[in-house]
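Encoded as structure tokens, here's the structure I'll be asking about.
Laboratory data are not the source of any read-out in this text; all were calculated from the coordinates shown. Note that the structure is a prediction, hence the values are computed from the model and not measured. Ideal geometry is used to build each Cβ from the backbone, glycine not excepted, and the neighbour counts take in all protein chains shown.
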Amino acid sequence: MDLNFQNFENVNSTNEQSGAFGGNIGDRNNLVGSGASSSAPSGGVFDDSQSSTSTRKGNLFSFEYYQQFFDVETDQVIKRLLNSVVPTHRNYIQDFLQPIPDLWGPFWVSVTLVFAIGIFGNLAQFIENDGAKGTYGSDFRMVTSASTLIFLYVVIVPLLLYGLLWNRRSELLHPYVDLVCLYGYSLAIFIPVTFLWIIDIGWFRWALIFMSVGLSGTVLARAIWPAVQNDVNKMVAFGTIITVVVLHFLLAFTFKVYFFDSMHT
Amino acid sequence: MNSFGNASVDIDMLEREMAAEQTANLSGNIAGMSAPKSSSNRRGPMQEVDLDAEFDTLEEPVWDTVKRDVMTVGAKFSHVILPHGDKQQLLRDWDLWGPLFICVGLALLLQHNGGTESAPQFTQVFTITFFGSVIVTANIKLLGGNISFFQSLCVIGYCLLPPFAAAVLCSLFLHGIAFPLRLLITSIGFVWSTYAAMGFLAGCQPDKKRLLVIYPVFLFYFIVSWMIISHS
């Protein structure tokens, strides 16, 4: 997968550079000054992403290849976690993930979420059963199904998104790892939410869904929008963003219905 | 290490002497007659070094071998219960006997304890305890910890002893009754194991990454404790 990607990126970059070689530095200044707004030329943006990918090397199956994605420090991870919840920044990928995205966060956020669902989901059902004897916490199947769902979401959706960006010849082709990192961190908000879902009040659970999907969906949409905004077909651009947010909403909805509400039906 | 160095030096010296004797043999017969005695005298201390090194387990009874291994496993368990003495020595001769016994024991204790279909299978508990510690170890290595893979696996596996003891108490003696007491026992096991693992693993990381190492270890013991409390 990654090998493919590097090939195509190189091809793209040579084309791009031969076109806009002279004004590269000026373009980048422009970009910093005016933000990633509509008419920013692609040279600067592209140059950034290209230089960040060129530092990643090594065999896909070697230990060192993965070690470079664990080269993070505690305060960096905390900053990424907090900013994945609060959308006060312009673009999550460019502001926080580049130059080096990490896989520590996505992996452990996903694992924590799986077991948070396993623990709090069982607790919620125990409370809904009014503490009937023998019903507490023995449903281990929640852990297996939650882990399947979450890891599929974190791996497959970025893959589809990456495929789409590549297919549409997007000027801002985020590396696959960046997208995985973005999606992994965007799940962080659901960990406190699953804790609050213990409270068995219908509207309260819905409010939590809308709040959490609103916050992390905004982060996702703002991070992906610059990559699709210059697409010739505006329908594809808007469709991508809407699909991303809807999928995120569906994930949260599945959590609620399947793991927390199943006693009501 | 020291005794080894001495031994190699001894061997070197011996070889030199033997070579000298060979040349002496060529020069005269009388010197050759007396040579074997002196060399056998010198060999005395070297044979002792051999015995001390404990690598010649072919000759000893099987029971001695088993007893010695059980003693080392027991020494590691005692380190987990009461951290004392030289940890580096313990890290240097790691083994995976303790983790194996604990993983199998936990999986046997927790499988189908509720008698319902929803309880975890043997495989699930075993997978979570075994591959959980492998993943936590891989995390430490990926973050650049200066501890070898199996040393860390050994530490994390041996530190499962307090939760295992809690599981034995809860599922054999307190099965299905006295929830507060089970909760208390399991929490003590959880805190104890996390504290013991911290003692071993805290030194192997730079300060800026310490929390990134500690959190997965904490999560792992928390999950194991949760399985114990909810399936006992």
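In nm, to one decimal, how far is the A:LYS79 label point from the A:VAL236 one, both placed 7 Å along Cα→Cβ?
For A:LYS79 paired with A:VAL236, the spin-label model returns 3.4 nm.
Relative to 2.2 N^0.38 Å, what does the C-alpha radius of gyration of the stretch B:145-214 come to as a ratio? Two decimals please.
Details: Rg = 15.0 Å, N = 70, 2.2 N^0.38 = 11.1 Å.
Scaled against compact globular proteins, the figure is 1.36.
Could you tally the net charge around B:ILE140, taking each other residue with its Cβ under 12 Å from the Cβ of B:ILE140, Lys/Arg +1 and Asp/Glu -1? Don't skip to the end; give the middle numbers.
Details: positive: B:LYS141, B:LYS209, B:ARG210; negative: none.
Surrounding charge for B:ILE140 is +3.
Here is a further query. Only counting other Cβ atoms within 10 Å, I'd like A:MET142, A:MET211, B:MET71 sorted with the fewest neighbours first. Don't jump to the answer; show the numbers that get you there.
Details: A:MET142 22, A:MET211 13, B:MET71 10.
Placing the least packed residue first, the sequence is B:MET71, A:MET211, A:MET142.
I've got another one for you. If packing is taken as the mean number of other Cβ atoms within 10 Å per residue, what is the order of A:220-227, B:88-95, highest first? Don't skip to the end; give the middle numbers.
Numbers: A:220-227: 22.1, B:88-95: 14.1.
My ranking of the peptides, most packed first, is A:220-227, B:88-95.
Just need log10 I(q)/I(0) for the stretch B:63-231 at q = 0.11, 0.16 Å⁻¹, Debye formula, equal scatterers on the alpha-carbon atoms, no solvent, rounded to two decimals.
Once normalised to I(0) and log-transformed, intensities are -0.45, -0.92.
Under 8 Å for C-alpha pairs, at least 6 residues apart: give me the relative contact order for the stretch A:73-260, rounded to a whole percent. Provide the component values of the computation, followed by the final result.
Working: 202 pairs, mean separation 59.5, N = 188.
It rounds to 32 percent for the stretch A:73-260.
Let me ask you something else. Which distance in nm do the two modelled labels at B:THR72 and A:PHE151 give, with both placed 7 Å along the Cα-to-Cβ direction?
3.4 nm
Now, a different point. Counting other beta carbons within 10 Å of each residue's own, what order do A:LEU173, A:LEU196, A:LEU60 fall into, fewest first? Walk me through the intermediate numbers first.
Numbers: A:LEU173 22, A:LEU196 14, A:LEU60 9.
Listing A:LEU173, A:LEU196, A:LEU60 from fewest to most nearby Cβ atoms yields A:LEU60, A:LEU196, A:LEU173.
What area, in nm² and to one decimal, does the C-alpha convex hull of the stretch A:147-265 cast on average over all directions?
Working: hull surface 30.4 nm².
Convex hull of Cα atoms, orientation-averaged projection: 7.6 nm².
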